[in-house]
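Trainee: This is the structure I want to talk about, given as structure tokens.
The values are calculated or read from the model by the stated rules, or taken from the named source; none is laboratory data. Bear in mind the structure is a predicted one, so any value in this text is a computation, not a measurement. Methodologically, a virtual Cβ is constructed for each residue, glycine included, from the backbone with ideal geometry; neighbour enumeration extends over all protein chains shown. What goes into the accessible areas is simple: the full protein's heavy atoms, side chains included, and nothing from ligands, DNA or RNA. Shrake-Rupley method; radii C 1.70, N 1.55, O 1.52, S 1.80 Å.
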Amino acid sequence: QVQLVESGGGLVQAGGSLRLSCAASVSTYVMGWFRRAPGKEREFVAGIRWSAGSTYYADSVKGRFTISRDNAKNLVYLQMNSLKPEDTADYYCAASTYYRSRADDPVQYDYWGQGTQVTVSS
């Protein structure tokens, strides 16, 4: 069983920055971040393939968010800059230990963290 533990959420003013971290208990093939805002569907934020380091982003966060990894520690980070009130959501880390063709499809992830809350005030 793979365990994912997120940290780094909190309250920040618009224009500010936060860095989320996700620690995986084992090596994974692909990891991603998703978010769910109040009253909205879960949406893809960013993903990264572990071996190649290929990264993927939702259009809404391109240029503002950066996903990265620490292979040795099985950690993935989401650096969030220029935060907007519409970024307010619960953020979830997800992982798969197998190859997946789509890093932005939540169905292709096998393991999920408990989530960390991000609130951006205007």
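Trainee: Inspect all residues belonging to region 17-24 and state whether any of them is in contact with a Gly (Cβ under 7 Å, 6 or more places away or on another chain), under 17 Å from D110 (Cα atoms), part of a strand (DSSP E or B) and modelled with pLDDT under 95. Give the derivation first.
Mentor: Initial filter on region 17-24 (in contact with a Gly (Cβ under 7 Å, 6 or more places away or on another chain)): 18-22.
Now drop any that are not under 17 Å from D110 (Cα atoms), which leaves 22.
Next cut, part of a strand (DSSP E or B) only: 22.
Now restrict to residues that are modelled with pLDDT under 95: none.
Checked against the condition, which is being in contact with a Gly (Cβ under 7 Å, 6 or more places away or on another chain), under 17 Å from D110 (Cα atoms), part of a strand (DSSP E or B) and modelled with pLDDT under 95, region 17-24 yields no hits at all.
Trainee: Select from region 72-110 the residues that are open to solvent by less than 50 Å² (accessible area, probe 1.4 Å), among the aliphatic types (A, V, I, L, M) and more than 15 Å from V26 (Cα to Cα) and write down the one among them that is farthest from the chain's Cα centre (by Cα).
Mentor: L83
Trainee: Would a scan of region 69-78 turn up a residue that is in a loop (DSSP other than H, G, I, E, B) and either of a type in the set (S, T, Y) or touching a Gly at 6+ places or on another chain (Cβ under 6 Å) (or both)?
Mentor: Within region 69-78, the subset in a loop (DSSP other than H, G, I, E, B) is 74.
Checking the rest, the ones that are also either of a type in the set (S, T, Y) or touching a Gly at 6+ places or on another chain (Cβ under 6 Å) (or both) come to none.
No, region 69-78 has no match at all.
Trainee: Looking only at region 10-54, count every residue that is hydrophobic (A, V, I, L, M, F, W, C), over 21 Å from R64 (Cβ atoms) and surrounded by 23 or more Cβ atoms within 10 Å (Cβ to Cβ) and tell me the total.
Mentor: From region 10-54, those hydrophobic (A, V, I, L, M, F, W, C) are 11-12, 14, 18, 20, 22-24, 26, 30-31, 33-34, 37, 44-46, 48, 50, 52; that's our starting set.
Next, only the ones that are over 21 Å from R64 (Cβ atoms) stay: 23-24, 26, 30, 50, 52.
Narrowing the set further to residues that are surrounded by 23 or more Cβ atoms within 10 Å (Cβ to Cβ) leaves 30.
Adding up the residues that qualify gives 1.
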